Structures are given as structure tokens and as C-alpha cells.
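Enquirer: This is the structure I want to talk about, given as C-alpha cells.
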Amino acid sequence: GGFSTSLNFSSENPLPTISKLSLSSVSLGTGGFTITISGAKFFPNSTVRFNGNARNTIFVSSTQIKADILSSDLKTAGDFPVQVENPGPGGGLSNNRVLTVQNPLPFITSISPQSILAGEKELLDITISGNNFLPDSQVLLNGYDVPKKFLSSKSVSITLSNPELGTSGTYNILIKNNGPGGGSSNIKTFTINNPVPIVQEIYPA
């Protein structure tokens, strides 16, 4: 009689899978929030990763788990993977689902000045006020991209010079934010007017 040789038996954690997220997109600069992840083979010691970084995880059931997404995660636009990781032995990273951080749609409330007389100035700064301006926003003048100075999320400026300022005309100004999200703002019009003629003398009187 006696004992046989022993064999080791190990139970490995399964690989988790994600079927959906409670939301798939948020706006740039959104405050932190809690996301719900649905799937299978989640465990109390599973970890949610946002763009590869572990986030505070709340286990609900084997098919649902929650995670705290930080406001700092939402300061750059783009598509970011969300995954669930089960620890070893076995385990590993799930498939990923994408959470898109979208650029906001810009809006122009006013431009200053709104008009000028032709030939009055050789250089002119135009301040554009509104909301949701970004450092990489484009300012389009009659459809053409022009250099800008980013002042804040509510203000940018452009500089016009001759020959534009020497000739009367109307210019449509809009601001465009790149994707994801983003888009073109409403249009404000800047006008260069012909000066009023002044009669100084009539000859012969």
C-alpha cells in the first residue's frame, strides 16, 4: 500500500469578453463619470482598463462591471479602447470596445470690428468671440483657411492686411473644429465699405 505520486491540478481564470458599453461617445472636457460594461466572465478581482490604464472597478455580476472614467481621460479627442482584465492564472485582456471623445461644435457670437472703410488701415486684427474654440480650430475666411491666434476657448483673432483692406467687399467668417465630432460654426460677416466721398471744392464756383 501507500500513497501514489501526486499530480498538481490548477484552475485557470477565463478570458473575459465585452459585448457593449453603456455609452460610446462623450464630449471633450466632460467631467468624470461611471461607465457600465456588459459582457461575460467578469470576476470580483477583474480590472477595467481605459486606453491601457487601470481604473477603479466595481464588480456587479459575472456579466456586468462598472468603472470610473476620470476627467483627465477626456481632455484629448480620439477613439480610446476600454477593456476588462482578469488576473492569472489564465485570464488576460478582453476584446476592446471604443469610447470616442468628441470635439465640440464651435459657435460664434460676435466679431469685432464688424466693418471698416476701404483703405482706412493697412493691418487690422479681428477678434472672434464665441464658444468651444480649440487650439487647432481653423478659421475660414470665405472658405479659405487663414492663420489665427488662439486666445481661449471663447476667443480667437485673425489679422487682415492689404490688398484685402484696400478693396470693398464682404467676407464670411466661420470656425471649424476637426473630428471626431467637431464641425463648422455659424457664419459671421465682416464688411469692407467704400468711403463716403467728400467734396472740398467746386471749380468753377
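The values are calculated or read from the model by the stated rules, or taken from the named source; none is laboratory data. Remember, it's a predicted structure, so these values are computed and weren't measured experimentally. Cβ placement follows ideal geometry from the backbone for every residue including glycine, while neighbour counts extend to all protein chains displayed. SASA here: full protein model, heavy atoms, side chains in, ligands and nucleic acids out. Shrake-Rupley method; radii C 1.70, N 1.55, O 1.52, S 1.80 Å.
Enquirer: Which of the residues belonging to the range 62-88 are outside any strand (DSSP E or B), polar (S, T, N, Q) and more than 17 Å from Thr34 (Cα to Cα)?
Expert: Within the range 62-88, Ser62, Thr76 meet the criteria.
Enquirer: Something else about it: Here is a list: Ser61, Ser6, Ser25. Which entry is at pLDDT below 95, loosely packed, with under 12 Cβ neighbours inside 10 Å and at negative phi?
Expert: Ser6
Enquirer: Of all residues in the range 118-128, how many are of a type in the set (A, V, I, L, M) and either within 20 Å of Ser152 (Cβ to Cβ) or loosely packed, with under 14 Cβ neighbours inside 10 Å (or both)?
Expert: 3
Enquirer: Just for the range 89-109: of the residues that are open to solvent by 70 Å² or more (accessible area, probe 1.4 Å) and outside any strand (DSSP E or B), which one is nearest to Ile69 (Cα to Cα)?
Expert: Among residues in the range 89-109 that are open to solvent by 70 Å² or more (accessible area, probe 1.4 Å) and outside any strand (DSSP E or B), the one nearest to Ile69 (Cα to Cα) is Asn96.
Enquirer: Does Asp136 satisfy the criteria of being under 30 Å from Phe33 (Cβ atoms), of a type in the set (D, E, K, R) and out of contact with any Phe, Trp or Tyr (no Cβ under 8 Å at 6 or more places or on another chain)?
Expert: yes
Enquirer: While we're looking at this one, here's another question. Are there any pairs with C-beta distances below 9 angstrom linking a residue in the range 69-89 that is touching a residue at least 40 places away in the same chain (Cβ under 8 Å) to a residue that is acidic (Asp, Glu), with the two at least 6 apart or on different chains, and if so which?
Expert: Gly88/Glu12; Pro89/Glu12
Enquirer: Return the total of residues in the range 143-193 being closer than 21 Å to Thr76 by Cβ, open to solvent by 50 Å² or more (accessible area, probe 1.4 Å) and outside any strand (DSSP E or B).
Expert: Total meeting the criteria: 5.
Enquirer: Now, a different point. Testing Val139 on (1) crowded, with 17+ Cβ neighbours inside 10 Å; (2) among the hydrophobic types (A, V, I, L, M, F, W, C); (3) in contact (Cβ under 8 Å) with a residue 60 or more places away in the chain; (4) within 30 Å of Thr30 (Cα to Cα), one condition comes back false. Which one is that?
Expert: (3)
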